[in-house]
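Chemist: One structure coming up, written as structure tokens, with questions to follow.
Only the coordinates and a few stated rules stand behind these numbers; no lab work does. Worth saying up front: this structure is predicted, and the values here are computed from it rather than measured. Positions of Cβ are generated from backbone atoms using ideal geometry, with glycine treated the same way; all protein chains shown enter the neighbour counts.
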Amino acid sequence: MTLQELMNADVRAIGGLVRQGFAWWIDELAAMLPRGWRSLFSSRPKVLAEPLSAGGWRYWKDGRSIAADGPGGALRSQVGLLLPPGAVLTREVQFPRLPLADVRRMVTLDLDRLSPLRPELVYVDVEVVDRDAAEGRQTVLVGVLPRAVAARHLEAARDAGLSPKALSAAVPRASPPESLQQSLQQSPQQSPFESPAIRFDFLPAVRRASGEAAPGGASRLWWAAVAALIVVNLGVLIGRDILATSRLRDAVGAQRGAVDVALALRRRVEAETVLRQELVTRGMRNEPLRMLGALTTAIPAGAWVQHLEWNGQTLRVVGFKSAEVDMFAALRGSPAFTNPRAAGADAAPRAGAGQPFDITVDAGKRPRP
């Protein structure tokens with residue numbers, strides 16, 4: 001469902017999605033429990049009432065037979081009705097790892113292929129037998145109970161003064177029968193603990209078919225279990241965060257000395273890097289050979305340099321030139337020099353030597369390569 005569809009859905013549809021998500025979460029939590037623990041959280045009654053073919057009832061509790069006259073009045077209203085193996089058709093089917101509610105819907109849609117009886121004549125329940133996390137598949141045991149058989153046993157139980165809270169079946173360990181006729185050939189006298197797998201609960205399907213509301217005791221129990229699990233999850237997460245923070249604090253404290261030494265060394269390296277950069281910049285700016293090369297390039301033909309003075313900032317050039325040479329224009333046109341100016345009084349021209357000049361210029365920016 002997209003976000004737009006979710007925004008347009010009514011409250012009933014959103015409630016159904018919430019219930020589906022809750023059912024999926026409960027199924028996943030139950031699948032994570034060890035098999036020995038699942039019975040502790042099961043809502044199925046601990047006392048089982050098994051109908052005998054000769055008449056009467058046999059009662060079981062925790063795998064042991066109890067008094068033949070049946071449990072007390074309080075327990076008689078909390079028994080589970082145990083059907084004989086021949087009453088239920090079972091079959092193992094492979095499904096993807098989906099929530100149990102989705103598996104039930106898939107089985108209901110495909111019941112014509114899985115059962116020889118029409119869907120309106122049977123009750124269906126499923127249980128997960130095995131899950132393969134690597135392959136992403138699960139083995140599901142499908143149980144099909146004829147409605148007539150269920151009605152007959154429930155009526156007999158009510159006539160005996162029992163109030164069944166579950167409608168289960170004893171499934172043998174051997175591979176399930178291929179047809180309901182083969183199931184019916186098995187002995188109804190077989191004890192459920194000689195075929196120890198107690199499977200399914202068809203009573204919710206019976207209640208849904210008759211329009212009867214399910215009791216809320218199990219629902220309240222599940223909600224209480226969910227609240228307890230949420231509290232446990234929060235406690236575990238908070239505890240893990242506290243332990244992780246404590247370990248990190250200890251690790252930081254143990255490495256504090258080494259970190260301080262590393263930071264001091266880093267500061268020294270950074271200071272030395274800045275100092276070296278300043279030295280390199282100063283050397284490049286005050287390099288005499290660079291000034292000499294720039295001056296050689298800037299002086300035109302017809303001028304001769306007799307004396308140079310360089311202090312790192314200004315350059316004084318003294319020499320002679322022919323009458324047509326303009327030294328100020330030549331030095332001003334060089335990118336290496338700025339602000340050319342006369343340094344002293346003009347000297348008297350020497351015979352045959354040309355006009356003297358004494359010019360001071362500032363060093364300009366170093367030209368980019």
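Chemist: Explain nothing, just compute: Karplus ³J(HN,Hα) = 6.51 cos²θ - 1.76 cosθ + 1.60, θ = phi - 60°, for every residue of the stretch 86-97 in order, whole Hz, x for Gly and Pro.
Modeler: Using θ = phi - 60°, the values come out as x, 8, 10, 8, 10, 7, 8, 9, 8, 9, x, 6 Hz.
Chemist: Extension gain Glu155-Val274, at 0.36 nm per residue separation less the Cα-Cα distance, in nm?
Modeler: That works out to 33.1 nm of additional length.
Chemist: What FRET efficiency comes out for the pair Leu29/Met106, r = Cβ-Cβ distance, R0 = 22 Å, nearest 0.05?
Modeler: According to the calculation, E is roughly 0.55.
Chemist: Shifting gears a bit: If R0 is 22 Å, what FRET efficiency do you get for Trp223 and Gln78 from their C-beta distance, rounded to 0.05?
Modeler: 0.65
Chemist: OK, next. Which FRET efficiency, nearest 0.05, do Arg266 and Arg341 yield, Cβ-Cβ r, R0 56 Å?
Modeler: Using R0 = 56 Å, I get an efficiency of 0.70.
Chemist: To continue, here is another question. What's the exposure ranking of Thr281, Thr90, going from fewest to most Cβ atoms within 10 Å?
Modeler: Thr281, Thr90
Chemist: Continuing with the same structure: Using the crude model of +1 on Lys and Arg Cβ and -1 on Asp and Glu Cβ, and no other charge, please compute the dipole size for the stretch 107-153 relative to its Cα centre, in debye to 20.
Modeler: With Lys and Arg at +1 and Asp and Glu at -1, about 260 debye.
Chemist: Can you work out ³J(HN,Hα) from phi for every residue in the stretch 121-136, in order, using Karplus 6.51 cos²θ - 1.76 cosθ + 1.60 and θ = phi - 60°, giving whole Hz and x for Gly and Pro?
Modeler: Using θ = phi - 60°, the values come out as 9, 9, 10, 10, 9, 10, 9, 7, 8, 8, 10, 10, 5, 5, 8, x Hz.
Chemist: What are the ³J(HN,Hα) couplings of the stretch 152-161, residue after residue, when phi is run through the Karplus curve with 6.51, -1.76, 1.60 and θ = phi - 60°? Round to Hz, x for glycine and proline.
Modeler: For the stretch 152-161, the Karplus-derived couplings read 5, 6, 5, 5, 5, 5, 5, 5, 7, x Hz, x marking Gly and Pro.
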